[in-house]
């Protein structure tokens, strides 16, 4: 199950009421995702994994289908980070259902705010709207409290060494 913790501005765009708390375990290495809206043209969703801080950028519209469209975008990003197709398939198999929840981790919200700022900077500095390129650049950002230097290094270590995050 995909647990998608959304900011208020994103929940308003989606138009669904969030659950109060998670109803179950995900069973995936990348279980919990935080998401917000970036009001670019076109509008973008920024999703950040709670455990690895891996960022994913995707178009927001149509907002109501964000959770069902997300696994395809995640698969593309994981492939770029060295995950094998069978690893990706195993992870995404668990995303057969989803829950929308209110954000609960202020640390991840802080990282999302930094990523939103850096994404805007990267977009303008490099003159690109390529969301995968921007997400890959964000993944190189040094982040704490993860044990690796960046989300990119951690996600690659999971792919290569099968590190268990539980």
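The values are calculated or read from the model by the stated rules, or taken from the named source; none is laboratory data. Since the structure is predicted, the reported quantities are computational estimates derived from the model, not experimental observations. Using ideal geometry, Cβ is built from the backbone for each residue, glycine included, and neighbour counts are taken over all protein chains shown.
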Considering residues of segment 103-125 that are at pLDDT below 95 and touching a helix residue (DSSP H, G or I) at 6+ places or on another chain (Cβ under 8 Å) only, the residue nearest to residue 44 (Cα to Cα): 123
Matching option when the condition is more than 16 Å from residue 47 (Cα to Cα) and within 16 Å of the chain's Cα centre (by Cα), among 87, 94, 132: 94
Which of the residues spanning segment 134-149 are outside any helix (DSSP H, G or I) and at pLDDT 85 or above? 140, 141, 142
Test each condition in (1) over 21 Å from residue 73 (Cα atoms); (2) buried (at least 18 other Cβ atoms within 10 Å of the Cβ) for residue 135 and report the one that comes out false. (1)
